[in-house]
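Colleague: One structure follows; several queries about it will come next.
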Amino acid sequence: MANMLSGKKALVVGVANDRSIAWGIASALRAAGADIALTYINEKAEAYVRPLAERLNASLCSPLDVARPDQQQALADEIAATWGRLDVLVHCIAFAPRDDLHGRVLDTSPDGFALAMDISVHSFARLCKAFEPLMGDGGACITVSFYGAEKVVSTYNMMGPVKAALEAMARELASELGPKGVSVNVLSPGAIATRAAGGIAEFDTMLDEARERAPMKRLATIEDVGAMAAFLAGSRSITGETIHVDGGYHIMG
């Protein structure tokens with residue numbers, strides 16, 4: 001896939017460290033020839049993200065807390081001034097308050113559920129809207145879900161309905177942006193040992209069960225997810241899809 005995305009401009013939101021899915025995607029897009037912009041949520045995160053941006057020779061490494069409209073607008077303005085367009089938008093953000101995440105969905109607090117929906121779901125719509133004017137020649141928007149959006153996965157709890165909403169959001173956005181040549185797709189990786197996943201109760205058990213159940217008897221890697229993201233970024237005829245990257249885990253009864 002070398003040079004498949006040569007000259008393309010790609011923004012990847014959500015890189016935390018070199019084990020994150022967003023990092024696997026950013027690395028794959030760069031290897032395919034894209035110019036990269038990365039974001040970090042705060043100064044603490046910047047210490048981890050900026051060195052990774054340097055490894056990719058990223059054109060931009062900028063702050064973005066998706067709960068702050070001013071930072072979103074500042075980033076859109078910066079990308080417009082630097083590149084004049086955006087070809088690929090990758091959204092790898094999810095959040096739920098710990099107490100709500102570890103409890104029953106029945107016991108979820110209204111505020112906690114609303115916050116999880118805002119950060120994990122509506123932020124994708126906000127970013128697509130912010131960068132829509134820079135995708136005048138078409139583009140690709142990609143977000144990341146999990147099998148728990150489709151079936152009950154033990155300990156995934158409230159993130160199941162939240163990710164289901166994200167997948168539904170992506171389909172609606174695909175319908176609305178399709179006439180402009182902008183695709184919107186969802187990647188659904190299998191269980192991967194990322195820092196973010198560490199917040200899920202009994203996650204090590206989930207990893208073992210996923211490896212045993214998958215037909216390929218292996219877990220997906222961030223490199224596997226990155227390769228699929230690069231493919232979607234270069235495709236002009238696939239949209240509204242949720243694509244599993246899980247060694248076949250999702251096909252098993």
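Read-outs: derived from the displayed coordinates by stated rules, not from any lab. This one's a predicted model, so the numbers in the text were calculated from it and none came from an experiment.
Colleague: Let me see the pair-distance distribution of the chain: every alpha carbon pair, 10 Å bin width, integer percents in order.
Modeller: With 10 Å bins starting at 0, P(r) equals 8, 32, 39, 19, 3, 0.
Colleague: For the stretch 137-253, what size does the Cα cloud have along each of its three principal axes, sorted from largest down, in whole Å?
Modeller: 45, 29, 27
Colleague: Relative contact order for the chain: what is it in percent, counting Cα pairs under 8 Å that are at least 6 residues apart? Show your work: numbers first, answer last.
Modeller: On the way: 498 pairs, mean separation 51.2, N = 253.
Answer for the chain is 20 percent.
Colleague: Remind me, relative contact order of the stretch 13-126 in percent, using alpha carbon pairs under 8 angstrom and six or more residues apart?
Modeller: Dividing the mean separation by the residue count of the stretch 13-126 yields 22 percent.
Colleague: Of K8/K180; K8/K163; K129/K151; K129/K180; K129/K163; K44/K129, which ones are farther than 23 Å apart at the Cα?
Modeller: Over 23 Å apart, Cα to Cα: K8/K163; K129/K151; K44/K129.
Colleague: If a/c stays under 1.5 just call it rounded; otherwise compare a/b with b/c (prolate if a/b is bigger, oblate if not). Do that for the stretch 38-93, with a ≥ b ≥ c from the square roots of the Cα gyration tensor eigenvalues.
Modeller: It comes out oblate by the Cα gyration axes.
Colleague: What relative contact order, as a whole-number percentage, does the stretch 82-203 give when Cα pairs under 8 Å and 6 or more residues apart are counted?
Modeller: 30
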